[in-house]
Amino acid sequence: MNIIILDTYKELSIRGAGFFIQTLASNPTAVLGLATGSTPIGVYQQLIEQYQAGQLDFSAVTTFNLDEYIGLHRDHPQSYYSFMQQELFQHINISPDRIHVPSGVEDNFGAHCQWYEDAIIAAGGIDLQILGIGTDGHIAFNEPGTALGSRTHLTDLDQQTIIDNARFFDSADNVPRRAITMGVATIMDAREVILLATGENKAVAIQAAIESPVGSECTASALQNHPNVTFLLDPAAASLLTNQ
Ligand code: F6R
């Protein structure tokens, strides 16, 4: 487990983007695992800048996003599909048929979850997965109590997550209560993982992820067993770590 502490969000975003740049330099057909939320936006901005400067080519890249809200059509402004279009996809030369975001509107979610897992395998597995972390220690929407062996599944969002994500909606009442998410085991299969966290409100989750025994109460703790994981933290998010 590598832990890198950087002073500013900009530095963290540049370092995070560096992992993508390196992956694409060695493999232009890489499979990238992507996250939504506030934290990775700076990384995506860096990638857009590098693309606009002619330094990056996404034409042969395949992507898989971590999660989506149940009940939101992909055209809904708050869907994670819309988020990815706005924050990354519409600014780069990625081929639309290589973009995968789980669907929040399906008749048969069981079949869709299995399709998502199969599609990741068919693409050759995820080369580099970027993650944020919830204040409750979730990765993707694997809330406390989720089995560490879980695969893509439907889940109820914790009250804390609903409150945390209310900032993207008019009010907490409008935050969907359910989501479809890659499982912990799906994430653990990625060949490389980076987890970004900033701010004091992530310090407890980061301490649990890195220093508590591995367990489903903090699903990010599973990453302690990943062979190639890097935590990119700012000093506030790292502030409760005993071994800095
Ligand atoms: C997003 C996701 C979530 C977020 C987490 C942190 O696709 O899977 O696990 O990474 O909730 O969100 P932010 O970055 O907004 O603090």
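Assorted remarks:
- For segment 147-175, a residue qualifies if it is of a type in the set (D, E, K, R) and farther than 19 Å from E68 by Cβ, and the qualifying residues are D170, D173.
- Close pairs (6 angstrom Cβ cut-off, 6 or more residues apart or separate chains): free of Cβ contacts under 8 Å to residues at least 40 places away in the same chain in segment 77-103, of a type in the set (D, E) and buried (at least 18 other Cβ atoms within 10 Å of the Cβ) anywhere: V101/E68
- Residues (crowded, with 18+ Cβ neighbours inside 10 Å and either at pLDDT below 95 or not in a loop (DSSP other than H, G, I, E, B) (or both)) located in segment 212-244: C218, T219, A220, S221, A222, L223, V229, T230, F231, L232, L233
- G183, sole failed condition from (1) surrounded by fewer than 17 Cβ atoms within 10 Å (Cβ to Cβ); (2) touching a residue at least 24 places away in the same chain (Cβ under 8 Å); (3) closer than 23 Å to G33 by Cα: (1)
- Test for S239: is it within 16 Å of the ligand (Cβ to nearest atom) and either in contact with a Leu (Cβ under 7 Å, 6 or more places away or on another chain) or of a type in the set (G, A, S) (or both): no
- Pairs where the first residue, in segment 133-146, is touching a residue at least 60 places away in the same chain (Cβ under 8 Å) and the second is within 6 Å of the ligand (Cβ to nearest atom) and in a loop (DSSP other than H, G, I, E, B), C-beta under 6 Å, 6+ apart: A140/L66
- Filtered by the rule that a residue be of a type outside the set (A, V, I, L, M, F, W, C), surrounded by 19 or more Cβ atoms within 10 Å (Cβ to Cβ) and within 16 Å of L232 (Cβ to Cβ), segment 1-36 gives S13, G16, G33.
- Being on the phi > 0 side of the Ramachandran plot and within 11 Å of the ligand (Cβ to nearest atom) is a property that does not hold for A220.
- Wholly within segment 1-116, strands (runs of 3 or more DSSP E) carrying at least 1 residues that are away from the ligand (no atom under 16 Å from the Cβ) and not small (G, A, S): 2-5, 31-34, 62-65
- Residues that are β-branched (V, I, T), within 25 Å of E200 (Cβ to Cβ) and part of a strand (DSSP E or B) were ranked within segment 124-179; the one that is farthest from the ligand (Cβ to nearest atom) is I130.
- Positions within segment 161-179 being more than 22 Å from the chain's Cα centre (by Cα) and closer than 16 Å to G132 by Cα, in sequence order: none
The values are calculated or read from the model by the stated rules, or taken from the named source; none is laboratory data. The structure displayed is predicted, hence computed values, not measured ones. Please note: Cβ atoms are built from the backbone with ideal geometry, for glycine as well, and neighbour counts cover all protein chains shown.
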